[in-house]
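Notes to accompany the following structure.
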Amino acid sequence: MTDQSTDPKAIGGGRAAGKTASGHLERRAAVKALLGDTSDALFISGLAGAKSDVLEATGADCKRVFPLVGAMGAEAAMALGLALAQPNRRVVCVTGDGELLMNVGTLATIAVLNPPNLSILCVDNEHYGETGFQRSHTGRGVDLAKIAEGAGIQAVRTVIEESEIPDAAAMLRAGNGTAFVLLKVGVSDPPGISRNRDAALNKNWFREAVLGEA
Amino acid sequence: MAQQETDEDGAPVTQTWPEELYALLREAEVTQFGYVPDAGHQVLIDRSIADPEVHSVALTTEEEGVALLAGAHLGGARGVLLMQSSGVGNCINLLSLIKNGGFPFLTLVSMRGDFGEGTSRQIPMGQATQPVLEAMGVTCMRAEHPDEVIPMVRAALTMVFQSGMAVAVLLTQKLIGAKPFK
């Protein structure tokens, strides 16, 4: 049995010590389970924790991931532009609660177009992990799934128990219309997964992977 | 439909550049039009809505358009951000993505707060538009006469999509008109 006090992925470990959230799932494993087979999709990740969640699932060097390292709040609209440009490819945006809150109107922009090949996974630990684990708005009553529904996104699911993962995973890849999954996780501080942060390099890698040329 | 302006005698003069501008953007294979509705871009917006070959993306705030165009580029598509000068102020931090990543970026900005502006609330952001865009590495070109618009946007399209630059074409109030003094 794992010793919780030394497992770097443990809920309440590292800088997350003493922090509480309504979720209890371990984020890396939950995201991996929700994304399933990542070999056929294109990914835009938001900053920090969301980026590492995706790279754990795809492998750190996966060229079909564009990881944002600045421009917080850009992830969902970027995923929209990509989804419209590549209608035959699955596009998955993985973001955190703090980042999605920053440009929450994008859910409305996306919902009115409803691109079938776009899905959004919001990993909600109710804290800003990179700046000292301050409690975010979602830890103070704000419900991003209700906001997504209110914006008009038709396929919306909240996952808080492990048993809810398979249905949500299926919804993310169903392709009937834009899908939104709010994944409630426990507050943890797993090691980040490194990736070259050069945005131009990541842009070229991504375009080579998608278009065959930079 | 074309925009109306008046000549020195007050007679209406039909401007054709908005229609030509839409055709030019389509000729350059622009397929994503991001905008927050603005009267200055009425023709381009309406044309994009009616055109089944393009994606007409109504944004809730202009900064979404910066990210939209970067995402389009990742997928091999070309886009344009249509906004008023007031919306430029909503885009600043996201322009760091354009600069860091070397993304091609084209915006057409209908200007307020410049030549002959009579509405004081438009002055701060209108006057700041060019300085803040240039501070973020966006090259600005100002169109002041109808005959300049098409050649200027044609040049901008080459600079953006052939040379990978970030360019803003400012459609100034000398071109699109300022509301007359009351």
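Each value in this text was obtained by applying a stated rule to the coordinates, not by laboratory testing. Remember, predicted model here, so these are calculated numbers, not experimental data. Here Cβ is always computed from backbone atoms with ideal geometry, including for glycine, and neighbour counts include all displayed protein chains.
The long axis of helix B:17-27 is offset from the longest Cα principal axis of chain B by roughly 10 degrees.
Normalising the average separation of contacting C-alpha pairs (under 8 angstrom, six or more residues apart) by the number of residues puts the relative contact order of chain A at 29 percent.
Here the Karplus curve 6.51 cos²θ - 1.76 cosθ + 1.60, taken at θ = phi - 60°, turns the phi angles of region A:82-94 into couplings of 5, 5, 5, 6, 10, x, 8, 10, 6, 10, 10, 9, 10 Hz, with x standing for Gly and Pro. Calculation over all alpha carbon pairs of the protein assembly as shown in 10 angstrom steps from 0 returns a P(r) of 5, 23, 30, 22, 13, 6, 2, 0, 0 percent.
Ordered by the number of other Cβ atoms lying within 10 Å of each residue's own Cβ, fewest first, A:72, B:159 fall into the sequence B:159, A:72.
Contact order for chain B, expressed relative to its length and based on alpha carbon pairs under 8 Å spaced 6+ residues apart, stands at 20 percent. The ranking of A:124, B:51 from fewest to most other beta carbons within 10 Å of each one's beta carbon is B:51, A:124. The string of couplings for region A:21-32 from the Karplus curve (6.51, -1.76, 1.60, θ = phi - 60°) is 8, 6, x, 9, 6, 7, 5, 4, 5, 5, 5, 4 Hz, one whole number per residue in order, with x for Gly and Pro. When the alpha carbon gyration tensor of region B:119-182 is reduced to an equivalent ellipsoid, the three semi-axes, largest first, read 25, 17, 5 Å. With only the Cα atoms considered, chain B has a convex hull volume of 106 Å³ per residue. Phi angles across region A:99-114 convert, under the Karplus curve 6.51 cos²θ - 1.76 cosθ + 1.60 with θ = phi - 60°, into 3J(HN,Hα) values of 6, 5, 4, 5, 9, 5, x, 4, 4, 6, 4, 5, 4, 5, 8, 6 Hz, Gly and Pro given as x. Annotation: amide H of residue A:25 within the under-5 Å range of A:186, sequence separation 5 or more or interchain, hydrogens built in the peptide plane. Once backbone amide H atoms are built at 1.01 Å from N, residue A:42 has A:90, A:91, A:92 as its partners under 5 Å, excluding neighbours fewer than 5 places away on the same chain.
Here's the picture: charge each Lys and Arg Cβ at +1 and each Asp and Glu Cβ at -1 in region B:15-175, and of B:34, B:163, B:16 the one pushed furthest to the positive end of that dipole is B:163.
Cα-based radius of gyration for region A:14-211, normalised by 2.2 N^0.38 Å, reads 0.93. The mean sequence distance of close C-alpha pairs (under 8 Å, at least 6 residues apart), as a share of the length of region A:48-160, puts its relative contact order at 25 percent.
Dividing the summed -39500 (n - 2.57) terms of all DSSP H runs of n ≥ 4 by the residue count of chain A sets its mean residue ellipticity at 222 nm at -10000 deg cm²/dmol.
Our note on the geometry: Cα centres of region B:86-163 and region A:1-73, 38 Å apart. So how tilted is helix B:123-135 from the main axis of chain B? Cα-based, degrees 0 to 90, rounded to 10. Tilt of helix B:123-135: around 30 degrees.
Distance distribution P(r), region B:90-145, all Cα-Cα pairs, bin width 10 angstrom from 0: 21, 50, 25, 5 percent. Taking the number of Cβ atoms within 10 Å of each Cβ as an exposure proxy, the fewest-first ranking of A:51, A:19 is A:19, A:51. Note on region A:14-211: lysine pairs with Cα distance below 18 Å, sequence gap of 8 or more or different chains, count 9.
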